[in-house]
Amino acid sequence: AYLIDRHGASVTRREAFAVLWEDRMYDRPMQKQLDTIIRLLRATLTDYGIGEIFELKSAAMRVNPDLVSCDAWRYLEGDEDAIRAYRGEYMSNYSWAIFTEGFLEKRK
């Protein structure tokens, strides 16, 4: 979800960690746990035949926006259907999404 929110911008491992575990320290055991999650994400996407949407280079990762369709992105691009479909809620299960939600509301 965070990678989608970033709309193709790269995210470092440390940033991804901070988003996933806001209250934890980025130590070696947690780095290993993050590596496991990244491997599982890549494997799952590959299993579904869409592995190319996730890019991992050195210490940064991103979703390739040229290979993904997203209603929020279409909203920002002015797509009429996406604008009509927006009901004022954006990834409400994630604390970090409040910033994007505020941005979307301003654009209404």
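The values are calculated or read from the model by the stated rules, or taken from the named source; none is laboratory data. Worth saying up front: this structure is predicted, and the values here are computed from it rather than measured. Here the Cβ positions follow ideal geometry from the backbone for every residue, glycine too, while neighbour counts run over all protein chains shown. In case anyone asks, the SASA skips ligands and DNA or RNA and just uses the protein heavy atoms, side chains included. Shrake-Rupley method; radii C 1.70, N 1.55, O 1.52, S 1.80 Å.
Laid out as a table, the results:
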| quantity | calculated |
| --- | --- |
| Span-like helix ranges in the chain, DSSP H, alpha carbon extent 15 angstrom or more, Kyte mean at least 1.0 | none |
| Table column - 3J(HN,Hα) (Hz), the stretch 70-77, Karplus curve with 6.51, -1.76, 1.60, x for Gly and Pro | 9, 4, 5, 5, 5, 4, 5, 7 |
| Length-normalised contact order of the chain in % [C-alpha pairs under 8 Å, at least 6 apart] | 26 |
| Gain in span if fully extended, Glu80 to Glu15, counting 0.36 nm per residue against the direct Cα distance | 20.1 nm |
| Two-site FRET efficiency, Phe103 against Asn64, from Cβ-Cβ distance with R₀ of 22 Å, rounded to 0.05 | 0.50 |
| Kirkwood Rh in Å, taken over all unlike Cα pairs in the chain | 15.3 |
| Percent carbon-and-sulfur accessible area, the stretch 31-108, ignoring ligands, DNA and RNA, probe 1.4 Å | 52 |
| Pairwise centroid distance, computed over Cα atoms, of the stretch 34-103 with the stretch 1-31, Å | 14 |
| Residue-normalised accessible area of the chain, given per residue in Å² at a 1.4 Å probe | 69 |
